[in-house]
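Asks: One structure, pasted below without further comment.
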Amino acid sequence: MGDLPRGVQRLVAFLCLFDRPTRTAVAGQLWPEAPEGQAHASLRSALWRLRKAAPGLVDGPGDALALAADVRVDVRELHGWAERALDPQARVDRVSLPPPALRGDLLPGWYDDWVLLERERVRQHRMHALEAVAARLAAADHHGMAVQAAHLAVQAEPLRESAHRTLVRVHLAEGNVVEAVRAFQLFRQMLHDELGVAPTEQMTRLVRGLGAGRRAAS
């Protein structure tokens, strides 16, 4: 997509993120400061350029626009993975780590309002799904993959307590008390250094009464 003009790139990205928006909605979001007529003209120009560069990519002879049905969109694949992870009825063998291509931020370096809102929504969806994957894999005694999922969550959001709680729980499920206490201590020190606050009682309870954890949680 890097070879396309900026306006065309934004059009493709918008259609990847939103399901069959109207032409008016697309024009208003992509060219919010332009008069309505000019925004629609810019959209027509972007569509012409896109259809010339990638024939068949866009499906929308009427008022609604959409990418062709056979186009793969990574954010939609991420949504599918996250929905399986968060579905309590899904079999454990359908729960897995996300592919590396689905672990990064959505459209880094883009600052349109619609991108920022979607980036945060996608980030939260991925984080909750990673924590759910770790918990479900640990409950199924797949501790190695559970630890990986918990670490992915921690790496993505180092100050997110629920991710660290998940990591501590996975270590405890595997019987690694020392690892659980170490994970708690590292998080406690990070919180102190970065924010000057302590872990919540919900986090502290996890290691209270674990021998070395008494000192860690005090």
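Asks: For an R0 of 35 angstrom, estimate the FRET efficiency from the Cβ-Cβ distance between residue 44 and residue 161 and round to the nearest 0.05.
Replies: My answer for the efficiency is 0.10.
Asks: For the stretch 148-196, what is the relative contact order in percent, using Cα pairs closer than 8 Å and at least 6 residues apart in sequence?
Replies: 30 percent
Asks: Give me the percent of the accessible area of the stretch 1-136 that comes from carbon and sulfur atoms, probe 1.4 Å, all protein chains in place.
Replies: The nonpolar share, carbon plus sulfur, comes to 53 percent.
Asks: While we're on this one: What accessible surface, in Å², does a 1.4 Å probe find on residue 6, ignoring ligands, DNA and RNA and rounding to the nearest 10?
Replies: Residue 6 has an accessible surface of roughly 120 Å² with all protein chains in place.
Asks: Hey, another quick one. Apply the a/c threshold of 1.5 to the C-alpha gyration tensor of the stretch 123-218 and tell me whether it is rounded, prolate or oblate.
Replies: It is oblate, given that a/c is not under 1.5 and a/b is not larger than b/c.
Asks: About the Cα centre, and with charges only on the beta carbon of Lys, Arg (+1) and Asp, Glu (-1), how big is the dipole of the chain? Nearest 20 debye, please.
Replies: Here the size comes out at about 300 debye.
Asks: Could you work out the percent of alpha carbon pairs in the stretch 10-129 separated by over 18 Å, rounded to a whole number?
Replies: 58 percent
Asks: Here's a follow-up. May I ask you to list, by number, the DSSP H helices of the chain whose Cα span along the axis is at least 24 Å and whose average Kyte-Doolittle hydropathy reaches 0.0 or more?
Replies: Both cut-offs are met by 177-195.
Asks: If you don't mind, another one. Please work out the average accessible area per residue across the stretch 1-89, using the 1.4 Å probe convention, and give it in Å².
Replies: Accessible area per residue: 58 Å².
Asks: Can you figure out the FRET efficiency of residue 6 with residue 179, using R₀ = 30 Å and their beta-carbon distance, to the nearest 0.05?
Replies: Between residue 6 and residue 179 the formula returns 0.05.
Asks: If you scale each eigenvalue of the Cα gyration tensor by 5 and take the root, what three semi-axes come out for the stretch 72-115, rounded to whole angstrom and sorted largest first?
Replies: For the stretch 72-115, the ellipsoid semi-axes come out as 25, 11, 8 Å.
Asks: In percent, what relative contact order does the stretch 99-181 have, based on Cα pairs under 8 Å that are 6 or more apart in sequence?
Replies: Taking the mean separation of contacting Cα pairs over the length of the stretch 99-181, I get 22 percent.
Asks: Here's a follow-up. How far is the Cα center of the stretch 118-175 from the Cα center of the stretch 60-74, in Å?
Replies: Their Cα centres are 34 Å away from one another.
Asks: Per Stokes-Einstein, at 10 °C and 1.306 mPa s, what whole-number D in µm² s⁻¹ belongs to the chain, with the Kirkwood radius over Cα pairs as the hydrodynamic radius?
Replies: 79 µm²/s
Asks: Can I ask one more? What is the chain's relative contact order, in percent, from Cα pairs under 8 angstrom and six or more apart in sequence?
Replies: Dividing the mean separation by the residue count of the chain yields 12 percent.
Asks: Pick out, from 173, 156, 145, the residue whose Cα sits farthest towards the positive end of the charge dipole of the stretch 130-218, with +1 on the Cβ of Lys and Arg and -1 on the Cβ of Asp and Glu.
Replies: Of the candidates, 173 comes out farthest on the positive side.
Asks: Turning to a different aspect of this structure: Between residue 33 and residue 93, 0.36 nm times their residue separation minus their Cα-Cα distance comes to what?
Replies: Between residue 33 and residue 93, full extension yields an extra 16.7 nm.
Asks: Let me ask something else. Going highest first, how would you order 17-26, 51-60, 134-143 by mean Cβ packing within 10 Å?
Replies: 134-143, 17-26, 51-60
Asks: Run lengths n ≥ 4 of DSSP H only: what is the helix-derived mean residue ellipticity at 222 nm for the chain, with -39500 (n - 2.57) per run over all residues, to the nearest 500?
Replies: Roughly -19500 deg cm²/dmol at 222 nm, from the helical runs in the chain.
The values are calculated or read from the model by the stated rules, or taken from the named source; none is laboratory data. None of these values were measured; they are calculated from a predicted model. With ideal geometry, Cβ positions are generated from the backbone for all residues, glycine too; neighbour counts draw on all protein chains shown. In case anyone asks, the SASA skips ligands and DNA or RNA and just uses the protein heavy atoms, side chains included. Shrake-Rupley method; radii C 1.70, N 1.55, O 1.52, S 1.80 Å.
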